[in-house]
Amino acid sequence: MLVLLSLAATGHLLHKGTGWGAYGDSFGFGALMTAAALPFGMALAAATTIPQLLQVIPAGAKVGRSRSLPGKAAKRMRGAQLGP
(Lines give C-alpha, C1' and ligand atoms only; values in the text may rest on other atoms or scores of the structure.)
Protein backbone atom coordinates (compact mmCIF):
# COMPACT_ATOMS: atom_id res chain seq x y z
CA MET A 1 0.00 0.00 0.00
CA LEU A 2 2.82 2.40 0.88
CA VAL A 3 4.49 1.65 -2.45
CA LEU A 4 1.37 2.52 -4.40
CA LEU A 5 0.68 5.69 -2.41
CA SER A 6 4.26 6.90 -2.79
CA LEU A 7 4.29 6.25 -6.53
CA ALA A 8 0.94 8.03 -6.84
CA ALA A 9 2.37 11.03 -4.96
CA THR A 10 5.37 11.10 -7.30
CA GLY A 11 3.12 11.02 -10.36
CA HIS A 12 0.86 13.69 -8.90
CA LEU A 13 3.80 16.03 -8.26
CA LEU A 14 5.19 15.53 -11.75
CA HIS A 15 1.76 16.11 -13.30
CA LYS A 16 1.09 19.23 -11.22
CA GLY A 17 4.53 20.57 -12.15
CA THR A 18 3.29 21.45 -15.62
CA GLY A 19 0.59 23.69 -14.15
CA TRP A 20 3.10 25.34 -11.84
CA GLY A 21 5.45 26.12 -14.71
CA ALA A 22 8.25 24.10 -13.13
CA TYR A 23 9.40 22.74 -16.47
CA GLY A 24 10.05 26.26 -17.77
CA ASP A 25 12.97 27.27 -15.55
CA SER A 26 15.86 25.33 -14.12
CA PHE A 27 15.26 26.28 -10.46
CA GLY A 28 11.63 25.16 -10.55
CA PHE A 29 12.60 21.97 -12.35
CA GLY A 30 15.26 21.18 -9.75
CA ALA A 31 12.82 21.83 -6.92
CA LEU A 32 10.21 19.62 -8.56
CA MET A 33 12.66 16.77 -9.11
CA THR A 34 13.80 17.00 -5.48
CA ALA A 35 10.21 16.99 -4.26
CA ALA A 36 9.35 14.03 -6.51
CA ALA A 37 12.47 12.10 -5.45
CA LEU A 38 11.33 11.93 -1.81
CA PRO A 39 8.13 9.87 -2.33
CA PHE A 40 9.86 7.86 -5.07
CA GLY A 41 12.67 6.95 -2.67
CA MET A 42 10.10 6.00 -0.06
CA ALA A 43 8.35 3.75 -2.60
CA LEU A 44 11.65 2.14 -3.52
CA ALA A 45 12.52 1.49 0.12
CA ALA A 46 9.10 0.01 0.82
CA ALA A 47 9.26 -2.18 -2.30
CA THR A 48 12.58 -3.72 -1.26
CA THR A 49 11.01 -5.05 1.97
CA ILE A 50 8.19 -6.91 0.20
CA PRO A 51 10.16 -10.19 -0.32
CA GLN A 52 10.99 -10.27 3.41
CA LEU A 53 7.35 -9.71 4.30
CA LEU A 54 6.28 -12.61 2.09
CA GLN A 55 8.53 -15.13 3.82
CA VAL A 56 6.53 -17.65 5.79
CA ILE A 57 7.85 -18.51 9.23
CA PRO A 58 6.25 -21.59 10.80
CA ALA A 59 4.31 -21.01 14.01
CA GLY A 60 6.43 -21.68 17.08
CA ALA A 61 9.74 -21.31 15.24
CA LYS A 62 12.56 -19.89 17.33
CA VAL A 63 13.92 -17.35 14.87
CA GLY A 64 17.48 -16.21 15.47
CA ARG A 65 18.31 -18.82 18.08
CA SER A 66 20.83 -21.57 17.57
CA ARG A 67 20.22 -25.11 18.70
CA SER A 68 21.93 -26.06 21.91
CA LEU A 69 24.76 -28.52 21.57
CA PRO A 70 24.67 -31.88 23.36
CA GLY A 71 26.48 -32.22 26.73
CA LYS A 72 30.21 -32.72 26.03
CA ALA A 73 30.26 -30.58 22.89
CA ALA A 74 28.67 -27.69 24.78
CA LYS A 75 31.28 -27.94 27.55
CA ARG A 76 34.11 -27.96 24.99
CA MET A 77 32.69 -24.90 23.27
CA ARG A 78 32.36 -23.02 26.56
CA GLY A 79 35.93 -23.94 27.45
CA ALA A 80 37.20 -22.81 24.06
CA GLN A 81 35.47 -19.45 24.42
CA LEU A 82 36.97 -18.72 27.81
CA GLY A 83 40.53 -19.19 26.60
CA PRO A 84 43.66 -19.56 28.76
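The values are calculated or read from the model by the stated rules, or taken from the named source; none is laboratory data. Just so you know, these numbers come straight off a predicted model, no measurement behind them. Don't worry about glycine lacking a Cβ; one is built from the backbone with ideal geometry, like all the others, and counts go over all protein chains shown. These area figures cover heavy atoms from the full protein model, side chains too; ligands, DNA and RNA do not enter into them. Shrake-Rupley method; radii C 1.70, N 1.55, O 1.52, S 1.80 Å.
Structure values in brief
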item: Positions within the range 26-57 being open to solvent by 90 Å² or more (accessible area, probe 1.4 Å), aliphatic (A, V, I, L, M) and modelled with pLDDT of 90 or more, in sequence order; result: L38, M42, L44
item: Neighbours by Cβ (under 7 Å, 6+ apart or cross-chain): first from the range 13-24, within 16 Å of A37 (Cβ to Cβ); second at pLDDT below 85 and open to solvent by 90 Å² or more (accessible area, probe 1.4 Å); result: G17/Y23
item: Output for the range 6-25, where each listed residue is exposed (fewer than 13 other Cβ atoms within 10 Å of the Cβ) and within 12 Å of M42 (Cα to Cα); result: A8
